[in-house]
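Down below is the structure, laid out as structure tokens.
The values are calculated or read from the model by the stated rules, or taken from the named source; none is laboratory data. Note that the structure is predicted; figures quoted are calculated from it, not measured. In this analysis, Cβ positions are derived from the backbone assuming ideal geometry, glycine residues included, and neighbour counts consider all displayed protein chains.
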Amino acid sequence: MLLGGVPGVLPAKVLVIGGGVVGTQAARVAAGMGADVTVLDRSLPRLRYLDDVFGRDFRTGYASAALTAELVTEADMVIGAVLVPGAAAPKLVSRAMLQTMKPGAVLVDVAIDQGGCFETSKATTHQDPIYEVDGIIHYCVANMPGAVARTSTQALGNATLPFLLALADKGWRQACAEDPHLLAGLNVHAGRITCAPVGAALGLTAIDPATALKL
């Protein structure tokens, strides 16, 4: 599929579900290649930001179930870029919706590392990346940045090294007490779950991490 089309052939319609960092970059690349791009998100401030920054490069819409179902039928490619920190990704495209899509359309599930946001998603590898369900091509490679391993490793190291140094220098308890980001990343302490999404997924009650550490 040539996203930008050619003379006499319309550009591909690309639907991006999720307007965060990944979704925004996917939309920008697709639009830069000439595709007809729509981005859906449930955060109105985020949608306003995208409109302000990118203008007419792509359209935006509120990610209601009805609008998602409508746009999926028209899309040549759907990119799932939904992230709920600490929780499994919500299933936003059902198998029944695949029946309404164009044969040969492509689903790209960037949320596969969190379980995937399409009902028919299953993790694949860089060696065997795609499969078909009901005539729809699925690309659900876990750890997609691994395709550019050197660059992605350096980027991950840059992002995580300050936290690792803080843990090593101060000890985990003091580091969590001084850094709200580390504190928010605490999942379990002394037999209690301290991350609400993890508790919800397991059907267990979670407590505030600051309370657990008696901060």
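General observations
- Selection count, segment 50-64, where residues are free of Cβ contacts under 8 Å to residues at least 24 places away in the same chain, part of a helix (DSSP H, G or I) and not basic (K, R): 4
- Residues of segment 104-115 satisfying the condition of being in a loop (DSSP other than H, G, I, E, B) and either at pLDDT below 95 or not assigned by the TED database to the domain that holds A27 (or both): G115
- Residue list for segment 102-116, filter: farther than 29 Å from P85 by Cα and either touching a helix residue (DSSP H, G or I) at 6+ places or on another chain (Cβ under 6 Å) or charged (D, E, K, R) (or both): K102
- Of the residues making up segment 133-151, just one is in contact with a strand residue (DSSP E or B) (Cβ under 9 Å, 6 or more places away or on another chain) and exposed (fewer than 12 other Cβ atoms within 10 Å of the Cβ), namely A147.
- For K122: the one exception among (1) assigned to a loop (DSSP other than H, G, I, E, B); (2) in contact (Cβ under 8 Å) with a residue 24 or more places away in the chain; (3) of a type outside the set (D, E): (2)
- Here Q127 clears all of (1) assigned by the TED database to the domain that holds I79; (2) out of contact with any strand residue (DSSP E or B) (no Cβ under 7 Å at 6 or more places or on another chain); (3) assigned to a helix (DSSP H, G or I) except the condition numbered (3).
- Set side by side, the residues V16, V39, V72, V82 differ, and just one is assigned to a loop (DSSP other than H, G, I, E, B) and crowded, with 19+ Cβ neighbours inside 10 Å, which is V82.
- Restricting segment 179-192 to residues that are of a type in the set (G, A, S) and exposed (fewer than 14 other Cβ atoms within 10 Å of the Cβ), the residue that is farthest from L215 (Cα to Cα): G191
- Restricting segment 135-178 to residues that are of a type in the set (S, T, Y) and assigned to a helix (DSSP H, G or I), the residue that is farthest from D208 (Cα to Cα): T151
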